[in-house]
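Engineer: The structure under discussion is supplied below as structure tokens; questions concerning it will follow.
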Amino acid sequence: MAGKISMGARREVVSAVTERYRSAKRAEKGRILDELCATTGWHRKHAVRALRRRETVRPGEVEATRKRRRGYGATIKDALTALWEASDRVCGKRLKVMISTLLPALEQHGRLQLGQSDRDRVLTISAATIDRLLVDVKIAASGGRRRRAGFYSAIRREVPIRTFNDWNNPVPGFCEVDMVAHGGTSVAGSFIQTLTMVDVATGWTECLPLLTREGSLVVEAITRAQSLFPWLLRGVDFDNDSAFMNDVVVPWCREQKLEVTRSRAYKKNDQAFVEQKNGAVVRRLMGYGRFDGVETARMMGRLYAAARLYVNFFQPSFKLKEKRREGAKVIKRYHLPSTPYERALAHPKVTAAVKKRLRDQYRSLDPVALLSEIRATQDELGNRVDRRPGQVRGLQPDSTSTAPATAATFAKTLGKTTTSGEPRATHRHPRRPYKTRVRMPSKLDPHILTIEGWLTTQPQLTALAIVDRLREKHPEEFGTRQHSIVQRLLRALRRKTAKQLIAEVPLGEATTAAPLPGLVDGSGYVGPDPPTAPLVEQAGKATWRGRPVDFASVPSG
């Protein structure tokens, strides 16, 4: 009862017993204090101070609040402001340590002068008092903007941490929850998110699309997932995302009697079960493109509705059985691959009614029909990948999907032909019509044969030399501006000449020619000159490592 009494009720109780306490004897005062401590939950010394300082409030009057005496004046605040600026605006805890060395330095150079009493008070001030005195100074220094308090961090602190080793074979109903972003290569703007929930005991996976990262949408998605899971949810394990750690999701989960835990920061292995499904299910279905818009989210809902049945009833997965370390090696043992449906049937904590319902649902499912629906929806989503909702240029309508119209048609294609490439349209970039570029005529076209003749006789000609020759013959057409186009033509002609030289070398000569001494890295080279020695030209020819090289047969680079 003492912890539930309000502050106003405590004031009324104290006002009622204050006059009786002051006029009572010593023994009576002790009994009054005992009753007051039992009623308000106060410590005995606090109750004594409250009764001594409080005056009786008459009926209809409002008790005047007691003002705390100010301990530090404007002089101390000005000195702390100077010290804070001199410390490059550090926090109060760091400034408290720096004052003992910073204050004498400022006094030595005449930056700050304090009386002995004020100096002693500055040296003994606490870090909390420093931050309290400098609140308005820091707001003014930041341009009038108050720093936002760490609201989400307070909620994180009250949510307990659960690591990967803390699960200890839970019963079905405890889920790991994570968010997968479909923003492509950019996180700017709004895009669709996928909320993934994985049951730790069975591996049952539910995926739901969210238009934005918002706590209210997370609550709606978890409510929807509760109707999709075959059993009741017992607990949820989040990461430290602000979409989960807020005053909407965490209180709602506790109202629903769900155990709320979180992983450690930057420790993805704490959520190994859901991280595995993020890659094996969500990314395998959706790829890494950008998706946004209401219609796209509706298509993703269709895709996940078919995929949940296909994955949970027909796709087996591995589950870790044991893990041990031997020296530097980690040895893992896995159970035989099983589907979440099979694990649910084998789990002793799943009721017989749930198992019967799962068996009936399993008998009614056609995996080929589910896969056909998945492929058809992926083809529709493939037309929308990396496109804004308003960008419809080149977008194919849903009715022109390349997927077979029926499951029977889709089944006939299985095992017949195998096409190369990724079968999921969400993983392929949509093919856009290629715009054929028409080559514009160049003023060098009439002179190409002339330039080729010059290069045949003088392969070392540069682009500037060719431009000078063309300007001498046609001064009205050519100048220094044509240097770049001549360079491009020169590169193309020399590339063409190099290909012809390679094609003209006989196969026998290429394979039987004596190799140059040494390896490519020069480790087997013997000789007086280094491997990078320049060529030595002699009468129109050059020698390299004693071998003649003809300049005329090699086009200049």
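Engineer: Given the range 118-277 reduced to its alpha-carbon atoms as identical point scatterers, what log10 I(q)/I(0) does the Debye formula return at q = 0.08, 0.11, 0.12, 0.16 Å⁻¹?
Structural biologist: Normalising to I(0) and taking log10 leaves -0.34, -0.55, -0.62, -0.90.
Engineer: Right, something else. With a/c under 1.5 counting as rounded, go ahead and sort the range 242-312 into rounded, prolate or oblate using the C-alpha gyration tensor (a ≥ b ≥ c being the square roots of the eigenvalues; past the cut-off, prolate if a/b is larger than b/c, else oblate). Kindly include the intermediate steps, with their values, before the conclusion.
Structural biologist: Values: a/c = 1.83, a/b = 1.46, b/c = 1.25.
Prolate.
Engineer: Take the alpha carbon gyration tensor of the range 450-494, find the square roots of its eigenvalues, order them as a ≥ b ≥ c, and report rounded if a/c is under 1.5; if not, report prolate when a/b exceeds b/c, else oblate. Intermediate results must be reported in sequence, preceding the final value.
Structural biologist: On the way: a/c = 2.17, a/b = 1.40, b/c = 1.55.
In terms of gyration-tensor shape, oblate.
Engineer: Using the structure shown, list the pairs from 267/319; 277/412; 45/93; 355/412; 332/356; 45/96 with a Cα-Cα distance above 25 Å, or answer none.
Structural biologist: Working: 267/319 20 Å; 277/412 30 Å; 45/93 31 Å; 355/412 33 Å; 332/356 34 Å; 45/96 32 Å.
From the list (267/319; 277/412; 45/93; 355/412; 332/356; 45/96), the Cα-Cα distance tops 25 Å for 277/412; 45/93; 355/412; 332/356; 45/96.
Engineer: Would you kindly work out the equivalent ellipsoid of the range 199-356 from its C-alpha gyration tensor and give its semi-axes, the square roots of five times the eigenvalues, largest first in whole Å? All intermediate terms of the calculation are to be shown ahead of the outcome.
Structural biologist: Details: eigenvalues 134, 84, 72 Å².
Equivalent ellipsoid semi-axes, largest first: 26, 20, 19 Å.
Engineer: Next question, about the same structure. What is the packing order of peptides 266-275, 450-459, 329-338, 34-43, taking the mean over residues of other C-beta atoms within 10 Å and listing the highest first? Please report the intermediate quantities before stating the final value.
Structural biologist: On the way: 266-275: 17.5, 450-459: 13.5, 329-338: 10.5, 34-43: 15.8.
Listed from highest to lowest mean packing, they are 266-275, 34-43, 450-459, 329-338.
Engineer: Same structure again: Tell me the trypsin sites (Lys or Arg not before Pro) within the range 102-209 that lie in a loop according to DSSP and have at most 15 other beta-carbon atoms within 10 Å. The partial results should precede the final answer.
Structural biologist: Working: sites: 111, 119, 121, 132, 138, 145, 146, 147, 148, 156, 157, 162; in loops: 111, 145, 146, 147, 148, 162.
Taking the range 102-209 and a limit of 15 other Cβ atoms within 10 Å, the loop trypsin sites (Lys or Arg not before Pro) found are 111, 145, 146, 147, 148.
Engineer: Please name which of 289, 337, 351 has its Cα lying farthest along the dipole of the range 258-351 towards the positive end, using unit charges on Cβ (Lys, Arg +1; Asp, Glu -1) and the Cα centre as origin.
Structural biologist: Toward the positive end, the furthest listed residue is 337.
Engineer: Let me ask something else about it. Can you give me the solvent accessible area of residue 448 with a 1.4 Å probe, rounded to the nearest 10 Å²?
Structural biologist: For residue 448, the solvent-accessible surface is approximately 50 Å².
Engineer: Can you tell me the length gained on complete extension of the stretch residue 469 to residue 89, counting 0.36 nm per residue apart and subtracting the Cα distance?
Structural biologist: Here the segment from residue 469 to residue 89 would lengthen by 129.8 nm.
Engineer: Would the range 75-182 count as rounded, prolate or oblate if I go by the C-alpha gyration tensor, calling it rounded below 1.5 in a/c and otherwise prolate when a/b exceeds b/c, oblate otherwise?
Structural biologist: Working: a/c = 3.98, a/b = 2.77, b/c = 1.44.
Here the range 75-182 falls in the prolate category.
Engineer: What residues qualify as long-range amide H neighbours of residue 259, i.e. H under 5 Å apart, gap of 5 or more or another chain, H built at 1.01 Å from N?
Structural biologist: 235, 236
The values are calculated or read from the model by the stated rules, or taken from the named source; none is laboratory data. A quick note: this is a predicted structure, and the numbers were derived from the prediction, not measured. Every residue, glycine as well, gets a Cβ built from its backbone with ideal geometry; the counts of neighbours run over all protein chains shown. For the accessible areas, the whole protein counts, side chains as well, though only heavy atoms, and no ligand, DNA or RNA atoms are used. Shrake-Rupley method; radii C 1.70, N 1.55, O 1.52, S 1.80 Å.
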